[in-house]
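Inspection log for the structure reproduced underneath, given as structure tokens.
The values are calculated or read from the model by the stated rules, or taken from the named source; none is laboratory data. For clarity, every value in this text was computed on a predicted model and none was experimentally measured. Every residue, glycine as well, gets a Cβ built from its backbone with ideal geometry; the counts of neighbours run over all protein chains shown. The protein model used for the area step is the full one, side chains on, heavy atoms only, and it has no ligands, DNA or RNA in it. Shrake-Rupley method; radii C 1.70, N 1.55, O 1.52, S 1.80 Å.
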Amino acid sequence: MKIAVYPGSFDPITNGHLDIIYRAKEIFDKIIIAIAVNSSKKTLFTMEERKELIQKVIQNRKELNGNVEVEIFTGLLTTFAKQVKATAIVRGIRAVTDFDYEYAIYQVNRELAPEVDTVFLLASKKYSFISSTIIKEVARYGRVLDEYAPPEINDALLKKFGHRE
Ligand code: ADP
């Protein structure tokens with residue numbers, strides 16, 4: 001069974017992330033969405049909230065049931081990948097601006113664990129401008145867009161910013 005980890009902050013998960021997950025699951029048998037605990041990054045949703053939201057999104061989509069899971073991890077990504085028997089890391093690249101950072105992380109991960117390779121998927125045109133940061137900025141002012149995030153996430157964003165009960 002080919003397992004891949006898809007790491008990120010997912011604060012919150014967007015349709016851009018989901019697009020990568022749907023495409024990665026065509027390549028791998030199982031995708032483990034790995035929420036990174038990053039103390040230097042201030043997040044809108046807590047780790048547990050982000051995990052619950054992703055779980056809700058997975059549960060509500062039959063085609064993701066059984067082959068997509070979500071976990072929180074601390075420490076090195078390569079250590080976590082080996083723990084869960086993943087042979088690959090999946091990352092999405094939206095624009096050239098993502099590239100330098102991703103390339104550096106890739107090189108370090110390769111040094112740390114040569115047996116865990118990284119697969120980069122280029123963002124689909126429709127989602128190439130979508131980021132968690134952008135959807136949070138829009139939701140802060142009470143607006144959400146269907147093409148940016150799943151309905152479960154848009155609801156949670158509006159609640160978080162006090163625009164909905
Ligand atoms: P990080 O803090 O590690 O960048 P994110 O949650 O922002 O975590 O993103 C996780 C991964 O998903 C990264 O590889 C990022 O480039 C990718 N990603 C984010 N948004 C999109 C998108 N709209 N299309 C494709 N990939 C994306």
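Taking 0.36 nm per residue of separation and subtracting the Cα-Cα distance, what length does fully extending Ala95 through Ser40 add? Walk me through the intermediate numbers first.
On the way: separation 55, 0.36 × 55 = 19.80 nm, distance 2.39 nm.
Here the answer is 17.4 nm.
Please enumerate, by chain and number, the aspartates and glutamates with C-alpha under 16 Å from the C-alpha of Lys160, excluding those fewer than 8 residues away in the same chain.
Excluding near neighbours in sequence, the set is Asp11, Glu48, Glu49, Glu52, Glu137, Glu152.
Largest first and in whole Å, give the semi-axes of the range 68-165's equivalent ellipsoid, each being the square root of 5 times a Cα gyration tensor eigenvalue. Kindly include the intermediate steps, with their values, before the conclusion.
Values: eigenvalues 198, 59, 26 Å².
Semi-axes, largest first: 31, 17, 11 Å.
Loop-only trypsin sites (Lys or Arg not before Pro) in the range 1-39, please: DSSP not H, G, I, E or B, and at most 14 other Cβ atoms within 10 Å.
The qualifying sites are Lys2.
For Ser124, what accessible surface area do you get with a 1.4 Å probe? Give it in Å², rounded to 10.
Surface accessible to solvent at Ser124 totals approximately 30 Å².
Could you give the length gained on full extension between His163 and Asn60, defined as 0.36 nm per residue of separation minus the Cα-Cα distance, in nm? Don't jump to the answer; show the numbers that get you there.
Numbers: separation 103, 0.36 × 103 = 37.08 nm, distance 2.36 nm.
Result for the pair: 34.7 nm of gain on full extension.
Please tell me the relative contact order of the range 3-125 in percent, rounded to the nearest whole number, where contacts are Cα pairs under 8 Å and at least six residues apart.
Relative contact order for the range 3-125 comes out at 30 percent.
Please state, as a whole number in µm²/s, the translational diffusion coefficient that the Stokes-Einstein equation yields for the chain at 20 °C and 1.002 mPa s, with Rh defined as the Kirkwood radius across alpha carbon pairs.
Numbers: Rh = 16.3 Å.
Using the Kirkwood radius from Cα pairs, D works out to 132 µm²/s.
Which residues among the range 11-31 fall inside the zone where the amide N is under 20 Å from a point 7 Å beyond the Cα of Met1, along Cα→Cβ?
Once the point is set 7 Å along Cα→Cβ of Met1, 21-31 turn out to lie under 20 Å by backbone N, inside the range 11-31.
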